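Okay, structure first, notes after.
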Amino acid sequence: MRAFVAALPPPEAVEHLDAFLSSRREAAALSGRHYRWTDPSQWHLTLAFSSEVPDRALDDLEARLERAARKRRPVELSFAGGGAFPHPDRAKVLWSGLLASEDDRVELDRMATGARAALGKAGAQVDGQRFRAHLTLARLGHPDNVTSFVRVLDAYQGPTWTLDEVALVASYLGEGPRRRPRHEVIGTYPLA
């Protein structure tokens, strides 16, 4: 099973950012740029990713995620700003950033470390990329300059919300609308 551990934003935070992006998505379409916008119903912050979680490891993984979550505390977040990977001049991914206090950022990093450890100890393959808190908004078919879009995102700050649980989410490639991934929450684990 392909899966990830994620922070799932509440509907009000999703709706606020989605409304902000609505007219901008239309303008991007009119400009002829080829953005593949992510579905707001599947927006999440990936804390840890595994391309392969063995079925036999699932019970152990859930127990480990529950223990890891209990060691962390809730944090206050809001979507704010934005950027692009690998760089705004030749972007392949457009993303929204997060606004959080320094203490909450450290706590979010620790959540990601705990989630990666839980995946690895349960026998799943863990993606080795460094954790960088962001919300993927769009993928580009070809690298493009998105500097103007990043400037627009820099003016955005959404409502503050409390992250008080993490989720284990299965990802089924090609099973969603327009052959995109379909995500299914396997379980949620409250933070202490």
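How tilted is helix 102-121 with respect to the longest principal axis of the chain? Cα atoms for both, answer in degrees (0 to 90, nearest 10).
Compared with the principal axis, the helix lies near 60 degrees.
Rounded to the nearest 500, what is the chain's calculated 222 nm mean residue ellipticity when only DSSP H runs of at least 4 contribute -39500 (n - 2.57) each, over all residues?
-10500 deg cm²/dmol
What's log10 of I(q)/I(0) for the chain at q = 0.08, 0.16, 0.17 Å⁻¹, Debye sum over Cα points only, no solvent?
Log10 of I(q)/I(0), two decimals: -0.26, -1.05, -1.17.
Relative contact order of the stretch 3-190: what whole-number percent is it, with Cα pairs under 8 angstrom and at least 6 residues apart?
Computed over the stretch 3-190, the figure is 33 percent.
Can you work out the FRET efficiency for the pair Thr188 and Ser22, with r the C-beta to C-beta distance and R0 = 30 Å, to the nearest 0.05?
Result of the calculation: an efficiency of 0.55.
Amide H to amide H, which residues 5 or more places from Val166 or on other chains are under 5 Å from it, using H placed in the peptide plane?
HN-HN under 5 Å from Val166: Tyr189, Leu191.
All of the numbers you see were taken from the coordinates with simple rules; none came from a lab. The structure presented is a predicted model; accordingly, all values stated were derived computationally and were not measured. For neighbour counting, all protein chains shown are included, and Cβ atoms are generated from backbone atoms with ideal geometry for every residue, glycine included.
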